[in-house]
Structures are given as C-alpha cells and as structure tokens.
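See below for the structure under consideration.
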C-alpha cells in the first residue's frame with residue numbers, strides 16, 4: 001500500500017473530498033463535484049483516483065498515516081511506559097484538534113458505505129492502534145501494580161474520551177487545549193491506574 | 001413538540017428509516033425505499049411524515065425522548081448525588097447497548113445534513129442533557145470536596161466514554177455488560193473525583 005505524502009496533489013484531493021463528504025454527505029457528492037471544487041478536469045481527478053470508493057478508502061488510510069506520523073512515531077523512543085502513555089494522550093488530543101487534518105481524521109469514525117474488502121483493510125490498521133494502546137496500558141499497569149480495570153476497557157475509555165472531542169470542543173470556547181490535555185490526562189491516569 | 005410513543009406506526013417508521021439511513025447512507029435512501037421496506041404505500045408514509053428531513057429530525061427527537069425516559073426520569077428521585085450519578089452511568093450504558101433502539105440512538109452522533117432550524121432544536125435538547133450531567137458532577141464534586149478537574153471536562157470525558165461504546169462493543173465478545181458498567185464507573189469516579 002503506497003503511503004500518501006502530506007503535500008502534493010493527492011492529499012489536496014483527499015482533503016477537499018473529505019470536506020465535501022462532510023458538508024453534503026458521501027452519497028450526495030459526485031466525482032464531478034470533487035473535480036469542480038478542486039478546479040481540476042475530470043480526467044485529472046481520474047488520473048489519481050478511479051472511483052469515489054477509492055477516494056474514501058484513501059482518506060481513511062491517510063488518516064491512519066497521519067496518526068502514525070504524529071502520535072506513534074514520536075513516542076517510540078520514550079523508554080518509560082508512563083511517560084510514553086502521557087505523550088500519546090497529548091499527541092492524540094493535538095491531532096484531533098488540528099484543524100488542517102480535521103476533515104480527514106473525523107471520517108475514520110463515521111459510518112460510510114465502504115466496500116467490505118476496503119473496510120477490512122482500514123479496520124486492520126485501526127486495530128493495530130488499539131492493540132498498541134492496550135499493550136502500553138498493560139505495561140503501565142504492571143509498573144504500577146494496578147489491576148482494578150482491564151487494559152481493554154481502559155483503552156476504549158481513553159479512545160472514547162479523545163475521539164469524542166470533535167463532537168463538542170470549540171477552540172474559541174473557554175477551555176484551552178493545554179487545559180484539556182492536562183485534565184484528560186489526570187482523569188485517565190487517576191481512573192485507570194489506582 | 002409532540003412526543004413519540006414507543007409503539008405504533010410512527011416509531012416503527014422511525015426505526016426502519018434509521019436502519020436504512022445507516023445501512024445505505026441518508027442521501028442514498030429515498031422516501032420510496034422507506035415505504036417499500038415498511039410495506040407501506042407512499043401515501044401512507046406521507047400521512048405520517050412529509051419529508052426525509054422531517055423523518056431524520058423525528059428520529060433524533062425520539063432518541064432524546066428515549067434518553068429522558070430511560071436515563072433521566074428513573075433517577076430524578078434519587079436524593080444522593082453520587083448514587084444518582086452512578087445510576088445515570090449505568091442507565092446510559094444500558095441505553096447505548098440496547099439493540100432495539102440502537103439505530104435510533106446512534107444517529108444522534110453522526111453528521112447528517114439537517115436543515116439549520118431543525119438541527120438547532122435537536123442541539124437544544126442535547127445541551128439540556130449535558131447541562132444536567134454537568135450540574136450533577138458539580139454536586140458530587142462539592143459533596144466530596146474534589147476540584148481537580150472542571151465539571152465541563154469531566155462531563156465530556158464521561159459522554160465520550162459512553163457514547164463511543166457503539167463503535168467497538170460487541171455483545172458476543174468477552175466483556176459482559178455489567179463488567180463494562182462496573183469498570184467505566186470505577187474509571188470515571190476515580191478519575192474525576194480525587
């Protein structure tokens with residue numbers, strides 16, 4: 001699976017398509033709409049992507065690339081599991097709040113009619129992230145000798161807290177990003193490791 | 001705003017329409033598709049709802065009715081705020097896991113192109129629930145003299161944990177409903193009230 005660069009024609013197409021899918025709905029958006037919004041000829045668009053399904057799949061795949069680049073890769077070398085988990089929480093919240101990729105990352109969580117084979121590929125990557133998080137939580141549990149909740153329930157509690165942020169958080173509201181990071185980190189650490 | 005009963009033709013239409021919207025997408029589902037799935041004449045469907053927008057709005061409104069009936073009303077008479085919050089967490093998780101209303105309640109959280117006026121009405125009801133939860137968390141914070149996180153961040157952390165469940169929870173998996181309730185309650189209480 002070729003990896004998307006973050007600049008160039010393809011990511012620009014993916015970002016624009018993701019925005020249209022969210023504004024108008026996936027079904028109501030045509031390949032014509034996408035090429036028009038990009039001021040691209042239809043042939044130019046089809047040169048990059050053969051179908052709307054393919055675009056949707058690549059948006060989701062690109063969202064997972066971004067997640068690896070911005071959350072997982074920067075923390076790999078942190079030796080202490082607790083510090084690694086704190087960094088993951090901070091970087092994942094920053095990713096969710098990052099306006100530039102918002103349209104891309106949000107689509108991961110919405111119910112879209114992707115063909116089963118492509119859906120499965122995306123789910124494999126999502127599960128990889130969840131598995132990494134579960135393992136990391138287990139390491140912290142072991143280090144703290146804390147076993148009041150399972151790593152599975154804890155991992156999904158954390159993912160729910162973070163991935164839900166886009167539903168309610170407004171940057172112009174009273175809650176600053178660093179306060180959100182601090183409070184969510186406190187809630188999760190006090191809650192999951194006692 | 002008239003309230004939907006939970007039985008009869010209208011809730012049956014709403015449940016079926018909600019299922020089709022999720023399976024095929026909102027835009028790809030026509031009024032014809034809905035009447036066909038219900039084995040209802042087109043006139044019969046239009047007798048109840050004049051448009052697809054109206055159906056979508058009533059699905060969301062019905063979801064809020066169900067939330068009040070199943071979560072808020074049963075806890076109003078619990079005097080102790082901590083017990084009331086524990087009951088809210090349990091009942092809200094049970095609502096999210098309730099197969100019968102799944103298609104209805106999930107639609108509340110997806111991005112659908114509802115006309116602005118109707119969208120606003122739904123949001124007012126959603127905000128009412130959030131406000132109730134924030135107030136309740138404040139009461140528990142006061143009773144415990146615990147002020148490490150704001151009631152706002154705590155409320156959204158809890159809503160994220162619970163409303164995210166539909167993304168990953170499978171009843172046939174290893175985690176039983178009562179274990180999920182216990183663990184989420186532990187994580188939230190230990191995390192938000194220190």
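Using the count of nearby Cβ atoms within 10 Å as a rough guide to exposure, how do B:186, B:82 rank from fewest to most?
B:82, B:186
When you look at the Cβ of every residue in A:144-151, what mean number of other chain Cβ atoms sits within 10 Å?
Mean number of neighbouring Cβ atoms from other chains: 2.
What's the Kirkwood radius of the protein assembly as shown in Å, using all Cα pairs?
Across the protein assembly as shown, the inverse of the average 1/r is 22.5 Å.
Could you work out how far helix A:81-97 tilts from the main Cα principal axis of chain A, as a 0 to 90 degree angle to the nearest 10?
The angle comes out near 30 degrees.
In the Gaussian network model of chain B, springs joining C-alpha atoms below 10 Å, which of B:165, B:75, B:34 carries the largest mean-square fluctuation?
Comparing B:165, B:75, B:34 in the GNM, the peak value goes to B:165.
With label points built 7 Å along Cα→Cβ from the Cα atoms of residue A:48 and residue A:87, find their separation and express it in nm.
Taking the simple label geometry, residue A:48 and residue A:87 are separated by 3.3 nm.
Relative to the first principal axis of the alpha-carbon coordinates of chain B, what is the inclination of helix B:177-192, with its axis defined by its Cα atoms, in degrees from 0 to 90 and to the nearest 10?
50
So what is the 222 nm mean residue ellipticity for chain A from helices alone, if each DSSP H run of at least 4 adds -39500 (n - 2.57) and you divide by all residues, rounding to the nearest 500 deg cm²/dmol?
Calculated mean residue ellipticity at 222 nm is -21500 deg cm²/dmol.
Against the longest alpha carbon principal axis of chain B, how many degrees, from 0 to 90 and to the nearest 10, is the axis of helix B:52-67 turned?
Helix B:52-67 sits at roughly 30 degrees to that axis.
Within 10 Å of each Cβ in A:160-171, how many Cβ atoms from other chains are there, averaged over the peptide?
5
Order of B:62-72, B:89-99 by packing, highest average Cβ count within 10 Å first?
Ranking, from highest mean packing down: B:62-72, B:89-99.
How much length would be gained if the chain were fully extended between residue A:146 and residue A:98, taking 0.36 nm per residue of separation minus their Cα-Cα distance, in nm to one decimal?
14.0 nm is the gain from fully extending residue A:146 to residue A:98.
Using 18 Å as the cut-off for backbone N distance, which residues of segment B:110-141 belong to the label zone defined by a point 7 Å from the Cα of residue B:79 along Cα→Cβ?
Taking a point 7 Å out along Cα→Cβ of residue B:79, the residues of segment B:110-141 whose backbone N falls under 18 Å are B:139-140.
PRE reach from residue A:9 (point 7 Å along Cα→Cβ): which of segment A:20-49 fall under 12 Å by backbone N?
Only A:40-49 pass the distance filter.
When the convex hull of the C-alpha atoms of segment B:34-127 is computed, what volume per residue in Å³ does it have?
Dividing the Cα hull volume of segment B:34-127 by its residue count gives 117 Å³.
Quote to one decimal, in nm, the extra length available between residue A:23 and residue A:135 on full extension: 0.36 nm per residue of separation minus the C-alpha distance between them.
So the extension gain works out to 36.6 nm.
How many Å³ per residue does the convex hull of the Cα positions in chain A occupy?
Each residue corresponds to 127 Å³ of Cα convex hull volume.
With labels modelled as points extended 7 Å from the Cα through the Cβ direction, what inter-label distance (nm, one decimal) is found for residue B:36 paired with residue A:127?
3.4
The numbers here are math on the coordinates, done by the rules we state, and not lab data. It should be emphasised that the depicted structure is a prediction, and the values quoted were computed from it without experimental measurement. When we count neighbours, we look across all protein chains shown, and the Cβ atoms used for this are built from the backbone with ideal geometry, even at glycine.
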